[in-house]
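Asker: Before anything else, here's the structure in question.
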Amino acid sequence: MKRSTNDTGLEGLRIAVTGGTSGLGLALVREWHRRRAAVAFIARGRENVERVAAELSGVAGIVGDVSVKEAIHPIALQVLGRLGGLDVLVNNASSLGPVPLRALADTDCEDLEAALATNLLGPFRLTKALLGALRASAVEARGGVVMNISSDAAVTPYPGWGAYGASKAALAHLSAIWNLELEGEGIRVLARDPGDMDTPLHALAVPGADRSTLLRPEASAREITRAILEAMPASAAAREEAA
């Protein structure tokens, strides 16, 4: 089934997102549910997963930790079992590393490993596990899009943000390489910085931030959704037809 950017309801689009119980992830789940997509979200806390699933009827909540290698295939199997396939994967779950933030010289190796496990290895492993389903979606011209949530810390060296920034920089570069490698198969792998948002993660990193200066997650969710639609194979076809 082909779709275009005019398909504002996103009806029937099968989307999975990690870190879906708070911040941007929760805003994305709510946005897609409102627009009638088939949504699965993944998060570590069972109580929060059950709360969001109860709030949004028909949304599939999956308990799992993408930073744990052994959890990846069970998560992937549940995503495909609940959605019957996959058109879009959004790797959103993130770890700041050490909290409070600290200089790299004061960062424990275990804190850097934790940031890399969630922000880099988790998206890499989950994408690999779901790549067959994404290939099938691309062949059917349904989708085949991976959106990795990055940060301006991936390109700007902020003191104290070493573990987070290094892991997000690696994720952005990984995305660019994978996008080139999979281009011939019709799969897009993108990285996008959603901006500084009023989220629990930001509050944890910068407790004294003026919340009035921060983006609302709902606004960023709409922008991320628009970018996903622009990357869909049917979007290009629709523009060509309109030309």
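Asker: Measure nothing but the geometry: give the 0 to 90° angle between the long axis through the Cα atoms of 23-34 and the longest principal axis through the Cα atoms of the chain, rounded to 10°.
Answerer: Once rounded, the angle reads 20 degrees.
Asker: Now for a separate question. Quick one: helix 162-182 against the long Cα principal axis of the chain, what's the angle to the nearest 10°, folded into 0 to 90?
Answerer: On a 0 to 90 degree scale, this one is about 20.
Asker: Show the residues, 5+ positions off or on another chain, whose built amide H is closer than 5 Å to the amide H of A191.
Answerer: Correct list: N148.
Asker: Moving on to the next point. How far apart, in nanometres, would the label points at E230 and L104 be if each is projected 7 angstrom from Cα along the Cα-to-Cβ direction?
Answerer: For E230 paired with L104, the spin-label model returns 3.2 nm.
Asker: Would you mind checking the stretch 69-97 for residues with the amide N under 20 Å from a putative spin-label position 7 Å along Cα→C-beta of E140?
Answerer: Residues 76-90 fall inside that zone.
Asker: Placing unit charges on C-beta atoms (Lys and Arg positive, Asp and Glu negative, everything else neutral), compute the dipole magnitude of the chain about its Cα centre in debye, rounded to 20.
Answerer: About 660 debye.
Asker: I need the per residue convex hull volume for the stretch 38-117, using only the alpha carbons, in cubic angstrom as a whole number.
Answerer: Values: hull volume 8.5 nm³, N = 80.
Per-residue hull volume (Cα only) is 107 Å³.
Asker: Shifting gears a bit: Return the FRET efficiency for the residue pair S57, E183: r is the Cβ-Cβ distance, R0 is 35 Å, and the value is rounded to the nearest 0.05.
Answerer: 0.40
Asker: What per residue convex hull volume, in Å³, do the alpha-carbon atoms of the chain yield?
Answerer: Working: hull volume 31.1 nm³, N = 243.
Cα convex hull per residue, to the nearest whole number: 128 Å³.
Asker: Moving to a separate point now. Let me have the relative contact order for the chain, percent, based on Cα pairs under 8 Å that are six or more residues apart.
Answerer: Relative contact order here is 21 percent.
Asker: Kindly rank 16-26, 128-138 from highest to lowest mean number of other beta carbons found within 10 Å of each residue. Write out the running numbers ahead of the final one.
Answerer: Details: 16-26: 25.0, 128-138: 18.8.
Averaged packing, sorted descending, gives the order 16-26, 128-138.
Bear in mind that the values in this text are calculations on the coordinates, not laboratory data. Being a predicted model, the structure only gives us computed values, none of them experimental. Glycine gets a Cβ as well: all are built from the backbone with ideal geometry, and neighbour counts include every protein chain shown.
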